[in-house]
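The values are calculated or read from the model by the stated rules, or taken from the named source; none is laboratory data. All of these numbers come straight from a predicted model, not from anything done at the bench. Ideal geometry is used to build each Cβ from the backbone, glycine not excepted, and the neighbour counts take in all protein chains shown.
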Amino acid sequence: MVKPSHISPNNASAPIEGLRERKRRARHERIITVALELFLANGFEATTLDAIAEAADISRRTFFHYFSSKEEIVTALESGSTEAFKTELLAISPETPPLDAVYATLIKITSSYSLEEATALDRLMHSTDTLLARKQANYIRQEQALFTALTEKWPDPARRMELRLVAMMGIGAMRISAECWSEEQRKKPFEYYLNAVFKQLAD
């Protein structure tokens with residue numbers, strides 16, 4: 001058996017780097033969690049960076065190693081849902097029509113949020129013009145991410161135009177559903193609006 005002292009520098013550093021990355025990821029998630037709690041409790045504008053740093057048990061300087069602003073924390077929240085969407089989509093059978101796969105994935109992801117969580121996030125995103133603008137811009141990023149996932153799932157170059165259209169329709173359906181859900185004061189489950197929009201696409 002090779003003793004630890006005989007491990008080459010490259011191999012020896014791998015576990016350390018892995019541990020460091022895990023710690024960094026845990027702190028990153030911790031900052032997001034406490035920031036969201038503060039945003040919902042005190043309001044986005046009233047929550048300071050110092051308050052977030054204190055709640056996360058880090059210094060203000062350390063905060064800037066992870067995020068450049070409060071707005072970036074909110075963007076990270078939506079980025080996480082985009083990654084979850086990709087994971088769920090890639091797990092669906094390739095025999096499923098792409099638009100049906102997108103619909104099934106959206107239903108699964110949105111239903112994983114409790115009504116309380118979804119309502120709180122919606123109110124947060126509409127609380128300032130800056131956050132609302134970021135939410136709208138995020139739809140563009142989500143559409144590109146969805147298209148990338150679709151082409152990974154169905155790599156045939158001849159289907160790229162079809163998949164681009166599916167990505168546009170999928171994110172468009174989610175956007176319209178979110179707007180209707182918010183405008184009607186979240187009186188019905190989000191899935192109700194998503195079902196209605198996709199039904200229109202199918203007709």
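Of note:
- Any hit, segment 131-140, residues being modelled with pLDDT of 90 or more, in contact with a Gly (Cβ under 9 Å, 6 or more places away or on another chain) and not acidic (D, E): no
- If only residues of segment 160-180 that are without any contact (Cβ under 8 Å) to a residue 24 or more places away in the chain and more than 30 Å from H126 (Cβ to Cβ) are counted, the one that is surrounded by the most Cβ atoms within 10 Å (Cβ to Cβ) is R160.
- The selection criterion, being within 27 Å of L194 (Cα to Cα), surrounded by fewer than 17 Cβ atoms within 10 Å (Cβ to Cβ) and basic (K, R), does not hold for R30.
- Residues in segment 54-68 that are touching a residue at least 12 places away in the same chain (Cβ under 8 Å) and farther than 17 Å from K23 by Cβ: 1 in all.
- There is no residue in segment 118-133 that is more than 21 Å from F39 (Cβ to Cβ), surrounded by fewer than 15 Cβ atoms within 10 Å (Cβ to Cβ) and in contact (Cβ under 8 Å) with a residue 40 or more places away in the chain.
- Residue ID - nearest to T105 (Cα to Cα), chosen from residues in segment 147-168 that are in contact with a Lys or Arg (Cβ under 8 Å, 6 or more places away or on another chain) and of a type outside the set (S, T, N, Q): A149
- Candidates E88, E95 - the one that is of a type outside the set (A, V, I, L, M, F, W, C) and in a helix (DSSP H, G or I): E88
- Applying the set (1) closer than 27 Å to E37 by Cβ; (2) in a helix (DSSP H, G or I) to T105 leaves exactly one unmet item: (1).
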